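*Asks:* First, the structure itself, so that you have it in front of you.
The values are calculated or read from the model by the stated rules, or taken from the named source; none is laboratory data. Treat the numbers as computed from the prediction; the structure is a model and nothing was measured. Here the Cβ positions follow ideal geometry from the backbone for every residue, glycine too, while neighbour counts run over all protein chains shown. These area figures cover heavy atoms from the full protein model, side chains too; ligands, DNA and RNA do not enter into them. Shrake-Rupley method; radii C 1.70, N 1.55, O 1.52, S 1.80 Å.
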Amino acid sequence: MSETLTPAAKRDIAAHLHPYTNLARHEEVGPLVLTHGKGIYVYDEQGREYIEGLAGLWCTSLGFGEDALVQAALEQMQRLPYYHTFAHKSHPMAIALAERLKALAPAPMSKVFFTNSGSEANDTVIKMVWYHNNALGRPEKKKIISRRRGYHGVTIASASLTGLPINHNDFDLPIARILHTDCPHHYRFAEPGESEEDFATRLAASLERLIVAEGPETVAAFIAEPVMGAGGVIVPPRTYFPKIQAVLRKHDVLLIADEVICGFGRTGNYWGCETYDLQPDILVCSKAITSGYLPLAAILVSEAVYAGVREGSRRQGTFGHGFTQSGNPTCTAVGLRTLELMEERRIVEHVREVAPRFQEGLRAFAEHPLVGEARGVGLLGGLELVADRASKQPFDPAQRVGMYCAERAQAHGLIVRPMVDTIGFCPPLIIDAAQIDELFARFGQALDETQAWVRQG
Ligand SMILES: Cc1ncc(COP(=O)(O)O)c(C=O)c1O
């Protein structure tokens, strides 16, 4: 155990089992203990300041210390802190938030179902799709196609949708009836000389081959993030989704848009679906829906999907699914207030104003000797670090170069997330131009130090 651990860090090591952490290493290095935050900044227990370059985990769009959200929670807790939404019960906040999400949706939607997390939401979606197809008398039409490197959560079914080995290995996943198709990352997976357009055409053809090989009568749905987040901030070619959707329509396969990261302004439009031209049958959102202040996710379903689920519930006597906290009043009150503040403060317009500065700042690293690709959209970005720029040769994962770079960034007062060797950037949407410059100045120091460290071998 390190000599420099604070008492709180030692207590954490003794008592707290962390998600997404190398637990053996944690016992050596301990946690960074954060105690408070304001705007785009968070502070550790020793008062050191950090720019939250990933908005926590792609969450705090309105920044830390937003009193309007605190007040919304307080008022709702005083009025009705808890109620459920089972068996014909409701409350004003769930009703108002469902209405608002429907009105904002990028495609016509009929109903909104609430869960606590993105993983629960994606599990729920799979169950809804199965239930819907059973109600329609299509019991064979159950397979769900996801994409390699897609991220959809960690519960048993949602982790199966996730297309990352780390979420399958030793967990005995994926479960049956979940299939994976290509990742739309041109830099990594295009053939030599292949244009983005041709790459997109090839991936759509590959998806169609998969659907036909499995039998379209067995394929129920396709799920995708408009921009892949945790898989490494992967921006699709412009025409990728229109080509994919043509295949889905041809074979009567539902489109599920996972907007858990892209939703609520991140890509410069309210939804990633608008930026990348998706017309989903089902939309899942979470994270920025409450600016990360409270756990909440929402599933929006089309009239056709709803009709199947309604029919199933009639047959069974009830839709036998739901969470104790589905539509918790305090969470939905904070969600509603978050969406109001987004409008009052013109957050999407602000993102459009500052995104060019952010994307230029990111792309200023494109020629750095360690950077293979700089990519992003809106206030979302990724820098892929490589051992050799000419051949795109990745680093040996055992070198943990991305992790080292993120640790150097932390030493310079910037929190970012390494996804293997892609460094992710996703700051609070309220970030201003000067703060964007400061973010990349801090990162530049970290990247240069990483280069020196790599050179030393
Ligand atoms: C696109 C996407 N879907 C689903 C999830 C899972 O959400 P949660 O961690 O709330 O279960 C995440 C989490 O990062 C995500 O990025």
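*Asks:* With the cut-off at 27 Å, tell me which of the pairs 143/250; 111/143; 111/250; 38/102 have Cα atoms farther apart than that. Could you put the intermediate results ahead of the total?
*Replies:* Numbers: 143/250 16 Å; 111/143 23 Å; 111/250 25 Å; 38/102 31 Å.
Table pairs above 27 Å Cα-Cα are 38/102.
*Asks:* What length, rounded to one decimal in nm, is gained on full extension from residue 88 through to residue 393, with 0.36 nm per residue of separation minus their alpha-carbon distance? Present the calculation step by step, with values, prior to reporting the outcome.
*Replies:* On the way: separation 305, 0.36 × 305 = 109.80 nm, distance 5.72 nm.
Net length gain for the segment: 104.1 nm.
*Asks:* Shifting gears a bit: Given the C-alpha centroids of segment 418-436 and segment 319-337, what is the distance between them in whole angstrom?
*Replies:* 29
*Asks:* On to the next question. Given charges of +1 on the Cβ of Lys and Arg and -1 on the Cβ of Asp and Glu, with all other atoms neutral, how large is the dipole of segment 165-321 about its Cα centre, in debye to the nearest 20?
*Replies:* Working: 13 positive and 20 negative charges, 86 e Å.
Its charge dipole is roughly 420 debye.
*Asks:* Further, regarding this structure: I'd like the FRET efficiency for residue 38 and residue 319, computed as 1/(1 + (r/R0)^6) with the beta carbon distance as r and R0 of 35 Å, rounded to 0.05. Numbers along the way, then the final one.
*Replies:* Numbers: r = 43 Å, r/R0 = 1.21.
The value I calculate is 0.25.
*Asks:* On to the next question. Past the 28 angstrom mark, what percentage of all C-alpha to C-alpha distances in segment 118-268 do you count? Could you put the intermediate results ahead of the total?
*Replies:* Numbers: 1742 of 11325 pairs.
Every Cα pair in segment 118-268 considered, those over 28 Å come to 15 percent.
*Asks:* Could you compute the net charge surrounding residue 437? Neighbours are other residues with a C-beta less than 11 Å from the C-beta of residue 437; K and R count +1, D and E count -1.
*Replies:* Details: positive: 357, 442; negative: 360, 432, 438.
Local charge sum for residue 437: -1.
*Asks:* For the chain, take every pair of Cα atoms, bin their distances at 20 Å starting from 0, and report each bin as a whole percent.
*Replies:* Per 20 Å bin, starting at zero, the Cα-Cα P(r) for the chain comes out as 24, 58, 18, 0 percent.
*Asks:* So, one more: Put a dot 7 Å past each Cα toward the Cβ at residue 21 and residue 71; how far apart are the dots in nm?
*Replies:* Between residue 71 and residue 21, the label points sit 3.6 nm apart.
*Asks:* For residue 391, what accessible surface area do you get with a 1.4 Å probe? Give it in Å², rounded to 10.
*Replies:* Per-residue accessible area (residue 391): approximately 70 Å².
*Asks:* Calculate what fraction, in whole %, of the accessible area of the chain sits on carbon and sulfur atoms when a 1.4 Å probe is rolled over the protein chains. Please report the intermediate quantities before stating the final value.
*Replies:* Working: 10670 of 19760 Å².
Roughly 54 percent of what the probe reaches on the chain is carbon or sulfur.
*Asks:* Still on this structure, please answer the following. Can you return the lysines within cross-link range of residue 392? Criterion is Cα-Cα under 26 Å, with same-chain partners fewer than 8 residues away left out.
*Replies:* The reachable lysines, counting only those whose Cα sits under 26 Å from residue 392, number zero.
*Asks:* Shifting gears a bit: Binned at 10 Å from 0, what are the whole-percent values of the Cα-Cα distance distribution for segment 279-328, short to long?
*Replies:* All Cα pairs considered, the percentages come to 22, 40, 31, 6.
*Asks:* Okay, next question. Across segment 198-237, how large is the tail of the calculated P(r) beyond 13 Å, expressed as a percent of all Cα pairs? Numbers along the way, then the final one.
*Replies:* Working: 495 of 780 pairs.
Above the 13 Å cut-off, segment 198-237 has 63 percent of its Cα pairs.
*Asks:* Using a 10 Å cut-off on Cβ atoms, rank the peptides 357-363, 249-255, 49-55, 212-218 from the highest mean neighbour count down.
*Replies:* Details: 357-363: 19.3, 249-255: 17.1, 49-55: 22.3, 212-218: 12.6.
Top to bottom by mean Cβ count within 10 Å: 49-55, 357-363, 249-255, 212-218.
*Asks:* Could you give the nm distance between label points at residue 10 and residue 29, where each point is 7 Å from its Cα heading toward the beta carbon?
*Replies:* Output for this residue pair reads 2.1 nm.
*Asks:* Skip the ligands, DNA and RNA, and give the accessible area per residue of segment 1-98 with a 1.4 Å probe, whole Å². Show your work: numbers first, answer last.
*Replies:* Working: 5820 Å² over 98 residues.
Accessible area per residue: 59 Å².
*Asks:* Taking a temperature of 10 °C and a viscosity of 1.306 mPa s, what whole-number D in µm²/s does Stokes-Einstein yield for segment 211-275 with Rh from Kirkwood over alpha carbon pairs? Don't skip to the answer; put the middle values down first.
*Replies:* Working: Rh = 12.7 Å.
So the translational diffusion coefficient is about 125 µm²/s.
*Asks:* Could you work out [θ]222 nm for the chain from helices alone, using -39500 (n - 2.57) per DSSP H run of at least four and dividing by all its residues? Round to the nearest 500 deg cm²/dmol.
*Replies:* Working: 16 runs with 190 residues, N = 457.
Roughly -13000 deg cm²/dmol at 222 nm, from the helical runs in the chain.
*Asks:* In vacuum, with every alpha carbon of segment 298-420 counted as one equal point scatterer, what does the Debye formula give for log10 I(q)/I(0) at q = 0.20, 0.23 Å⁻¹? Two decimals, please.
*Replies:* -1.12, -1.30
*Asks:* In Å, what Kirkwood hydrodynamic radius results for segment 36-181 from the alpha-carbon pair distances?
*Replies:* Final number for the Kirkwood radius of segment 36-181 is 18.8 Å.
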